[in-house]
Each structure stands twice: as C-alpha cells, then as structure tokens.
Amino acid sequence: MDFTLDSHQEAVLEAVRTLLSRHGGPARLHDLGGDEPGYDHDLDKRLAEAGFLDIAEPRSACRLDAALVLETLSGALASSAAGWRLLVLPTLDVDVEGPVALVAESHSGPARFAADADALVVIGDDRVRLVRPDRRIPRVRSRLGWPVGEVSGLPEGGVIDEAPAAEVRAWARVALATEMVGAMQFALDITVRHVSDRRQFDRAIGSFQAVQHGLAECSVAVEGARWLALEAAFTGAASTAAAALTQASEASKLIFRRTHQYHGAMGFTREYDLHLSTLRLLALRSEAESLGRPAAACAHEHWGI
Amino acid sequence: MEFDWTEEDLSYRSELRDFLAEELPGRWEGATAVLGSADNAEYSRRFAGLLAEKGWLTPHWPTEWGGTGATPWMLAVLGEELWSRGEPRGPQYMNVNWIGPSIMAHGTPEQCQRYLPPIAAGDVIWCQGFSEPEAGTDLASLRTRAVLDGDDYVVNGSKIWTSYGDIADHCYLLVRTDAQAERHLGISVLLMAMDSPGLVVRPIPGMVGEHSFTELFLTDVRIPVANRLGPENEGWSVVREALSFERVGAPRWARAAHVLDETVRDAMEQGRSIDPVTVEAVGVAKTACEAARMLCYRVIDERARDLPPSPHANVARVAMVQAERLVADACAALQGNEIMRYGSDSDLQMRKSLAAGVAAGTYEVQLNLVSRRHLRLPKN
C-alpha cells in the first residue's frame, strides 16, 4: 500500500498539468463554447503526441497511471473523450485513431462525444461491438458542458471477438467515477475559495458552521470516491469499480446542490466557472445509470443479488 | 502509489482468521449485545490472554514491553479482523491501543514497570475518566479538582459516560490541578486505582448495548503524586497525544461491513426476495464501508511513513460514521419486522450506529476539524 505518487507518476502528472495550463482549463472550455462546447481535438492531438493517451498497456490489469491522468484532465474540464481511450480501450484489441464514444447496446438518444467520434464502443450483455458510423451522428443541443450526439439506429456488426463485456463495463465505470472525481474537486475547490472570500454579516460566509459542515461532508464524499476509483483502476476488480461509481454518483448529488447553494446567484452566471463542472456531473451520472444502476451493480458484484 | 497487500500481511490475516474461526463461537457478533457487561469482560479477559500468548495482543509495542515489531499495516489487519467479529478484546482494546502507549511515552520507569506488563498479558481492565456532566464534547472545561496534599492529590468531582467503570482495575483520569490557569493548561492525568476509598461507581442503564456506562463520584479520593502521568498541568497535551496515537480510532467500518454481509447472506439463505429499493440501499451501504476502508488506509499509510497526524483521520472518521448509519438503514430494510426482535442484526446495528456518531468525538466535531484543517475554511 502506498497512497503517495511515485516519482514517475509525479513526473507524468506534472507534464500533463503543464500541457493543460496552456491548452486546458476553464478558459479553454469557455473558448470552446462553455456549457455548450465543441470537442477539443487540439488537446487530444497534444495528449497523443506526448504519449499520455496510451499510458495503459493493452490488456493491462492495472491502469492506475491512466486514471491519475484522467482525473487531472477532468479536473481541468477537458472537452475530450480521453477517459474511454485511457481506461476502456486497453481491454479491447481495436485500432481507432480519433475520439470514441461509449454507449450501452440498448441506448438511443443523447450520448457524450457521439457526434465527434470515429467509433462507438457498444456494450451489450455479453458482447461488445465497435461501430464505425457510416455517416456523421447528428449533434444534440446540450448545455451540460459536453459535446453530445444523438445515437439512434446504429448499424449491426462490429462484434469484437472475445471482448469481455463485463470487464469493459467495469472499466467504463472506473472511467466515469474518475471523471466525476475531477469535476467534483473542481467544484469543491472553487466553492471553498468563494466562501472564504465572500463576506456577509461582517464575516466570511465560510466561517458559518452550517456552510462548513456542508462542505466538509462534500469533501469526505469526494475523497471516498477518489480513493475507490484509484483502487479500482489499480485492481480492475468489478466490485470495486461498481462501488467507486456508486460513491461518485452519490457524492455528485451532494456536490451539485451544495456548491450551487453556497454560491448564491453568482453560481448561476455563465461568466463564473462553477456551472462548467457541476452541469457535467449530471451527464456523467446519467451515463453511469445507462450502464445499470451503480448501487444495484455494487450489490450484485458483492453478493450476486 | 499502489494498493497491494504484502505477502506478509496476507499471511498474517489468514493466520488470524484461522485462529478466530476456531476460537470465537459461530456468530460472536450476536453475543455482543451486552459487550461491556461483566460476562463479556470476563470473556474478553480470557480472549486477550490467548492473544497475548500468540503475541497478538500488543504486537505493535516495542519488544522491551512485549511487542513483536508489527508494522502499522499488520496492526490495521488485526484491528479489522477483530472489529469485524464484534471486538472480542472488549475493554482491552483501548489498553493496548492508547493507554499503554501513553504510559510508555510519559510514564516514569516505575509506572511502566507497574502498569505495562499486566496490559501486555491481557490481565487488566482500564477505564477512561474523561467526560463530566458539564464537560462532554467541550472536554477542556472539566472541573474535577485535584489538590496537592503531601504526597497525594486529593480529588473531588464526578465523571460520566465511563465505559467499564464497574469492572475496571484502573482509571486513566483527567483532573484539574490548576483552577486559575487557562483551561487547557491546568489539567493533569492521574492513574487511579478503582478500589480507592472515596470512589463510588454507579452504573447507568443504556440503550446502545455496546457499552454499559457508569458514573464515577469522587469524594476526597487520595491518589499518590507518583501516579501522575507526565508533568503537572500538561495533561491536555499528554491526552491529545495519547488519542492521536491511533489516529483514526477503531475500524468501525470493518464491523459494519461484516454485519451487512451477514445480514445479506441470511436473507439469501432464507430465500427471501430482496426488492430493488433494498438492493440499492445495500449497494450504497456497502459502498460507504468501502469508501471508509480506503480513507482509513490512507491514514494508516501516513502512520506507516511516520508522518505527523493529519486531518485525513477526521475525514476517515466522518466516513465511518456515515457507513455505520447507512448499514443500519440497509439492515433495517433487509430484515423488516425482525428489528423488533431484541438482538437481531438490524436491532443491534441501529443501536451501534447511534453510538458511532457520539463516542470518541462527535460527528459534528469531526466535521469542524475537516472544514478547518482539511478545507482550511476561515474561523469566525
């Protein structure tokens, strides 16, 4: 057990942060359209050139470093499908150049990245397909901070030989949990700054115990999600993946309500960055649900119920 | 960063499990409804003796005092395995985890010689004389007064919520030795024999079941100056250090996870169908236990590296209380009307989850510490 970054992990994350300081962050997301952004192909290109997108070896059981990179990307509000590439594609023996989207087999309707993806990973009960749409998937107007496409009537075929559907689903859960952690930390940090600076009744509003307790519970929830997600990325265990996503989903509800509440009307404005992270959580949670209710999956993985 | 157990830790855990499977009667958990009662204290005395023989009662102590040089991770494994089975060490738990280490750190050679070997042998029961009727969460406002008279302190006052007060041999007692000083600065620690004249112990019937509480009334109790632990008036820092020794406290999450597991398995064995809403509650409760586990491990990792205590311990404690409560909800949902049966899993878990947010520092105090030390939110 070692909860600290080793020197290699430290160096990788430092390099990712340096790249993001120039090509990521809330300012970049604003440039891309804010809560209604386009896909950041430029960022993907730079991440790929630096070798960050294939940091996990194909078929590797441990994808901790990839999860650490993903958490950093998500914390900088990257408009990228790097999560699927970093954590899910290593399970699949496929060759896709550009962005991928990921949906459940039964899914139709909005899905993140679908309009920008070169291929869709489609997870069924016991098979996984890689679908390369023959025409561009139409964009959906969405204002939750992600580029979204409308998935319907996907072509048949593209079944990936011997692709383990349960394993792919587990890694998708790890990716979603990790992305949620990054976004939640962004929302929490900006809220802690706000309540420390904002004064009412001649005192910082963050000195009121009601606010302190509310944020302390948020922080505990996010920390729990972070360490479960990292553990799941380390072991690849389906049970831990389901627990990590359950924790992240539950935490995201708390984070959404409380960070907005403590910002007052300031939190509604598009000039301010809070909504860029909080709205994203709603999309991540709905994608999590589309893979099966996380808490039910957790109970199922542990007891078969 | 990595989250593997070492071979050594894994084999230690499996050796412990074999021992516990043999030593503890089937569902020991069910027998702990009255843990803290005289019956279970006797059991725990015998059990602690067995552990001591195997070197597992005080494995983390220095070899000089009967330790075996166990790592913090092995100690964590020991705590998990024992707590998940209802903590059969009973009151010995606090002896070995902080009273003993506190005596080691601040005791005179005579005090160490006198008090440590019986703890290491599992022969002795201690209680802690901390809370008072007017000093609970605000412990530093305690008023029990100790006045020097020759070679003795003469102590007057009362203590409350003292677990095991009726069966303990000694008490780790906090008293005020300087009534004029700023309140944190006038406190001392005295090691009091529980058969001291002038001490009256009154049991307080409780509904929690985990401990039977007592109240201690001290009237002109004479405690030798030689029984003071650490310097006079510096008891506050002595006790703070003692309580930070464990950092994260008892691994309550392990017990909660075990209760949840047993309750789910019972429901499955009895062929009861579990509705989707209950399945979700079970998944959420299991998740909370898992999150608390990782947050506790982070603290143990810090201890293993000899880092100073950090607010991560408070984060872990909040998560443990939440886990206990969510497990109580899940057990109630799983067992339905069985909660009406005294001693059922859901009945016991409801009672224990009540204590979880109060014992050893309230949930709200932990949240205060998380917000100030971890999030660095401003003070008023």
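Descriptive notes on the structure:
- Comparing B:75, B:117, B:299 along the charge dipole axis of chain B, the residue lying farthest to the positive side is B:299, per the Cβ-charge model.
- More than 12 angstrom apart: percent of Cα pairs within segment A:4-61: 72 percent
- For the protein assembly as shown, the Kirkwood estimate of the hydrodynamic radius, built from every pair of different alpha carbons, is 27.2 Å.
- Cα pair distances in segment B:7-124, grouped into 10 Å bins until the bin that holds the longest one, percent each: 13, 47, 31, 8, 0
- Size of electric dipole in the protein assembly as shown: Cβ of Lys, Arg +1 and of Asp, Glu -1, about Cα centre, debye, nearest 20: 2080 debye
- For segment A:58-132, the Kirkwood estimate of the hydrodynamic radius, built from every pair of different alpha carbons, is 13.1 Å.
- Note on chain B: Cα convex hull, mean projected area over all directions, 20.1 nm².
- Shape summary of segment A:88-229, radius of gyration then Dmax from alpha carbon positions: 20.2, 66 Å.
- Remark on chain A: ratio of C-alpha radius of gyration to 2.2 N^0.38 Å is 0.97.
- Charging the Cβ of each Asp and Glu at -1 and of each Lys and Arg at +1, and nothing else, the dipole of chain B about its Cα centre rounds to 940 debye.
- Rg to Rh quotient for segment A:20-95, alpha carbon positions, Kirkwood Rh: 0.99
- The convex hull drawn around the Cα atoms of segment A:165-303, when projected onto a plane and averaged over every direction, covers 8.5 nm².
- Dipole magnitude for segment B:247-374: about 620 debye, using +1 per Lys or Arg Cβ and -1 per Asp or Glu Cβ, origin at the Cα centre.
- Cα-derived Rg to Rh of segment A:1-150, Kirkwood definition: 0.97
- Principal axis dimensions, segment B:254-380 - Cα atoms, whole angstrom, descending: 50, 31, 25
- Candidate lysines - alpha carbon under 27 Å from residue B:159, same-chain residues fewer than 8 apart omitted: B:352
- Candidates B:199, B:177, B:140 compared by Cα position along the dipole of segment B:128-233: farthest toward the positive end lies B:140, with charges placed on Cβ.
- Residue range of chain B that is longest and free of GluC sites (Glu not before Pro) which are both DSSP loop and sparsely packed (at most 14 other C-beta within 10 Å): B:183-380
- When the inverse distances between all different Cα atoms of segment B:128-233 are averaged and flipped, the Kirkwood radius reads 13.8 angstrom.
- Each Cα pair under 8 Å and six or more residues apart adds its sequence gap; the mean of these over the residue count of chain B is a relative contact order of 14 percent.
- Mean Cα-pair separation over length for segment B:237-380, i.e. relative contact order, pairs under 8 Å, 6 or more apart, %: 27 percent
Laboratory data are not the source of any read-out in this text; all were calculated from the coordinates shown. As the structure is a prediction and not an experimental result, all values here were calculated from the model. Neighbour counts run over all protein chains shown; Cβ positions are idealised from the backbone, glycine included.
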